[in-house]
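Colleague: Below is one structure. I have some questions about it.
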């Protein structure tokens, strides 16, 4: 999902969200284009008392949303699953365990991953209402966009993939 320019909530300005679950109880997703400037991967591993090898990948930490900001979520390629993994699609999964962080620290985790603290959540009917108010656009999951694109380029590239010229978007909602 992509935030429209008229998004009234600054926490979601130009947000790109990978929707992980959406049902009658509400919706849950991970913001994938807002790097966290509060903590680095090595600091997080230290807090969790997970030893990092001397040579380890520097994994970026993202702000996944305002709900439960101290809880970690790993959005990753579906080549890696654990018992508690939520399979989002045939190409993307979500795991929220310390064990996946251990595997990532050792370099044996999923081929592609994005570590986020917190998530975006909506109550029953809330997301549908926001979509009707022209706050969000829907797009399909794109692993290159999720895992290989620089954070500041995800929103404009996702809009372009939809054929949307962001300079032509109106901040006034309407209905056809």
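Please treat every number below as a calculation from the coordinates, not as lab data. Model, not experiment: these values are computed from the prediction. We place every Cβ from the backbone using ideal geometry, glycine too, and count neighbours over all the protein chains shown.
Colleague: For residue 2, only one of the following conditions fails: (1) touching a helix residue (DSSP H, G or I) at 6+ places or on another chain (Cβ under 7 Å); (2) crowded, with 18+ Cβ neighbours inside 10 Å; (3) closer than 16 Å to residue 98 by Cβ. What is its number?
Modeller: With respect to (1) touching a helix residue (DSSP H, G or I) at 6+ places or on another chain (Cβ under 7 Å); (2) crowded, with 18+ Cβ neighbours inside 10 Å; (3) closer than 16 Å to residue 98 by Cβ, residue 2 is out only on (3).
Colleague: Here's something else I'd like to know. Inspect the range 163-171 for any residue being assigned to a helix (DSSP H, G or I), in contact with a helix residue (DSSP H, G or I) (Cβ under 8 Å, 6 or more places away or on another chain) and either touching a residue at least 60 places away in the same chain (Cβ under 8 Å) or surrounded by 18 or more Cβ atoms within 10 Å (Cβ to Cβ) (or both) and give the result as yes or no.
Modeller: Within the range 163-171, one or more residues are assigned to a helix (DSSP H, G or I), in contact with a helix residue (DSSP H, G or I) (Cβ under 8 Å, 6 or more places away or on another chain) and either touching a residue at least 60 places away in the same chain (Cβ under 8 Å) or surrounded by 18 or more Cβ atoms within 10 Å (Cβ to Cβ) (or both).
Colleague: Residues in the range 15-32: is at least one touching a residue at least 40 places away in the same chain (Cβ under 8 Å) and over 27 Å from residue 123 (Cβ atoms)?
Modeller: So far as the range 15-32 goes, no, none of its residues is touching a residue at least 40 places away in the same chain (Cβ under 8 Å) and over 27 Å from residue 123 (Cβ atoms).
Colleague: Next question, about the same structure. Pairs needed: first member in the range 76-88, farther than 14 Å from residue 111 by Cβ; second member anywhere, surrounded by 14 or more Cβ atoms within 10 Å (Cβ to Cβ); C-beta distance under 6 Å; at least 6 residues apart or different chains.
Modeller: 82/95; 84/97; 85/93; 85/95; 86/94; 87/93; 88/20; 88/94
Colleague: Taking the range 41-59, which residues are crowded, with 18+ Cβ neighbours inside 10 Å and farther than 30 Å from residue 2 by Cβ?
Modeller: Within the range 41-59, just 45 meets the criteria.
Colleague: Just need a number here: residues in the range 8-40 that are surrounded by fewer than 19 Cβ atoms within 10 Å (Cβ to Cβ) and either outside any strand (DSSP E or B) or in contact with a helix residue (DSSP H, G or I) (Cβ under 6 Å, 6 or more places away or on another chain) (or both).
Modeller: Counting residues in the range 8-40 that are surrounded by fewer than 19 Cβ atoms within 10 Å (Cβ to Cβ) and either outside any strand (DSSP E or B) or in contact with a helix residue (DSSP H, G or I) (Cβ under 6 Å, 6 or more places away or on another chain) (or both) gives 14.
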